[in-house]
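*Asks:* Have a look at this one.
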Amino acid sequence: MNFRLRELRKLLAKNDLDAILVSSLSNIVYLTNFSEFSTLDRDAYLLITKTKQYIFTHGIYKEAVEKQVPHFELRAIKRETPITKTIRTIIEEQSITRLGFEAFDLKITEYEQLTKQINKKILIPTDMVNKIRIVKSPDETEKIHKACALGDKAFTFILKKMKPGITEKALAFELEFYIKNRGADISFPPIVAFDANASQPHHVPTNVKLKRNSLVLFDFGVKLDNYCSDMTRTVFFGKVTKKQKIVYNTVLAAQQQAIDFINEELKLKKELKASDVDKRAREYTVSQEFPTMPHSLGHGIGIEVHEAPRLTSFSQETLTECMVFSIEPGIYLPEEFGVRIEDLFVVKNDSLVQLTNAPKKLIELKI
């Protein structure tokens, strides 16, 4: 944690800021390693100055925060003492004239309350913490790898649960129960999609029942020690059709195109643009006379399942050492079926290392 605060203070100096107000829950987890705040309510803020760090929260978290976040000075949020007044006091005490804040996260009503106490002229929008989070430490990468390993086991498990008549919802529940029963959590609600439902990339599981000779898409992730995994596999419950096989192999080849391109660029020590990786896989699927993907090729992952870097056609980011991200090409044929294959990778020693290791060869399950 001290390393992360040191890096943040370097960015404060670089950007000529006296302090930063952190409201994003994922950034709070990153800087404190405390993950017990509610995801439904605004339960905490951080204020990081050049010399001190404060955590603002409600009394219900007091005991836990004091034990688990001793390196932050705790300031209670009370009805009679609004947080905005406490922040104003600290600003005055430390002569803060330029305060960064997370405009991408703060609600308008929160901003209005803040500017009733603080001159809005000192507030500077920033996304500073995410600039640190984009590069993962060895410890962070290992946590993601462990989450991936449990995800691999969950995939092996779920294949054994497939039988005629089971619903998408039931399979999603089985995945979630398996993961939680092993001391972890899901990083997002599992996607389970049969046949035509798989043509919707973010399909929500329904009560539709599994039939023989069906295509089944699984997209799920594990959250372990605050870090996420993410993986997609498409399997066939019975026999695969000729068209499905062609689509599956095209998606698999598109992923390999992206992997090979990254490794080639890393070997040549070239600047590796995330947009160029997306372009390589996208152009391949289109060259095979299939529609372009309705989503990006991939995304970073860590405390959140979707974070920087973004492998999109309009991304301005470059892929560098110790970044962790997904590569997940897909082909979707409305009213027919969809195929997506997703794995996580880390850039390590100028090479791409795969973190998810569940089989991705075409699987035809015997009924």
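The values are calculated or read from the model by the stated rules, or taken from the named source; none is laboratory data. Nothing here was measured: the structure is a model prediction, and the numbers come from that model. Cβ sites come from the backbone with ideal geometry, for glycine too, and all protein chains shown count toward neighbours.
*Asks:* Hey, can you tell me all the residues within region 163-179 that are surrounded by fewer than 17 Cβ atoms within 10 Å (Cβ to Cβ) and closer than 17 Å to M231 by Cβ?
*Replies:* Correct list: E176 only.
*Asks:* Looking at the structure I just gave you, is I28 at negative phi, among the aliphatic types (A, V, I, L, M) and assigned to a loop (DSSP other than H, G, I, E, B)? Talk me through it step by step, then tell me what you get.
*Replies:* On the way: at negative phi: yes; among the aliphatic types (A, V, I, L, M): yes; assigned to a loop (DSSP other than H, G, I, E, B): no.
Considered against the rule, which asks whether it is at negative phi, among the aliphatic types (A, V, I, L, M) and assigned to a loop (DSSP other than H, G, I, E, B), I28 comes out as no.
*Asks:* Which count do you get for residues in region 193-218 that are buried (at least 16 other Cβ atoms within 10 Å of the Cβ) and in a strand (DSSP E or B)?
*Replies:* Step one: list which residues in region 193-218 are buried (at least 16 other Cβ atoms within 10 Å of the Cβ), which gives 193-199, 201, 203, 205, 208, 210, 214-218.
Then keep just the ones that are in a strand (DSSP E or B); that gives 193-194, 214-218.
Residues meeting the conditions: 7.
*Asks:* Among the residues of region 1-15 satisfying the criterion of being touching a strand residue (DSSP E or B) at 6+ places or on another chain (Cβ under 8 Å) and under 15 Å from N27 (Cα atoms), which is surrounded by the most Cβ atoms within 10 Å (Cβ to Cβ)? So that I can check it myself, show each step before the final result.
*Replies:* Keep residues of region 1-15 that are touching a strand residue (DSSP E or B) at 6+ places or on another chain (Cβ under 8 Å), which gives 5, 8-9, 12, 15.
Cutting the leftovers down to under 15 Å from N27 (Cα atoms) gives us 5, 8-9.
Values: L5: 16, L8: 22, R9: 18.
The extreme case among them is L8.
*Asks:* Are there any helices (runs of 4 or more DSSP H) wholly within region 102-187 with 1 or more residues that are touching a helix residue (DSSP H, G or I) at 6+ places or on another chain (Cβ under 7 Å) and assigned by TED's automatic domain parsing to the domain that holds D16, and if so which?
*Replies:* Numbers: elements: 108-117, 128-133, 138-160, 168-180.
The qualifying helices (runs of 4 or more DSSP H) are 108-117, 128-133.
*Asks:* Is region 38-56 home to any residue that is part of a loop (DSSP other than H, G, I, E, B), surrounded by 20 or more Cβ atoms within 10 Å (Cβ to Cβ) and in contact with a strand residue (DSSP E or B) (Cβ under 7 Å, 6 or more places away or on another chain)?
*Replies:* The first filter runs over region 38-56 and keeps only residues part of a loop (DSSP other than H, G, I, E, B), leaving 38-43, 50-52.
Okay, now just the ones that are also surrounded by 20 or more Cβ atoms within 10 Å (Cβ to Cβ), so none.
Checking region 38-56: not a single residue is part of a loop (DSSP other than H, G, I, E, B), surrounded by 20 or more Cβ atoms within 10 Å (Cβ to Cβ) and in contact with a strand residue (DSSP E or B) (Cβ under 7 Å, 6 or more places away or on another chain).
*Asks:* Give the residue that is surrounded by the most Cβ atoms within 10 Å (Cβ to Cβ), with candidates limited to residues of region 219-229 that are part of a strand (DSSP E or B) and touching a helix residue (DSSP H, G or I) at 6+ places or on another chain (Cβ under 7 Å).
*Replies:* First pass over region 219-229, keeping only residues part of a strand (DSSP E or B): 219-220, 222-224, 227-228.
Subsequent filtering for residues that are touching a helix residue (DSSP H, G or I) at 6+ places or on another chain (Cβ under 7 Å) retains 220, 222-224, 227-228.
Working: F220: 26, V222: 28, K223: 22, L224: 23, Y227: 26, C228: 26.
The qualifying residue surrounded by the most Cβ atoms within 10 Å (Cβ to Cβ) is V222.
*Asks:* Got a sec? Which of E304, E271 is part of a loop (DSSP other than H, G, I, E, B) and buried (at least 19 other Cβ atoms within 10 Å of the Cβ)?
*Replies:* Details: E271 fails: buried (at least 19 other Cβ atoms within 10 Å of the Cβ).
After applying the criteria, what remains is E304.
*Asks:* Would you please name the residue that is surrounded by the fewest Cβ atoms within 10 Å (Cβ to Cβ), looking only at residues in region 327-356 that are within 15 Å of L252 (Cβ to Cβ) and in contact with an Asp or Glu (Cβ under 8 Å, 6 or more places away or on another chain)?
*Replies:* Q354
*Asks:* Another question, then. So which residues in region 16-25 are in a loop (DSSP other than H, G, I, E, B) and surrounded by 14 or more Cβ atoms within 10 Å (Cβ to Cβ)? Outline the logic, then answer.
*Replies:* We begin by selecting, within region 16-25, every residue in a loop (DSSP other than H, G, I, E, B); these are 16-18, 23-24.
Across region 16-25, the qualifying residues are L17, D18, S23, S24.
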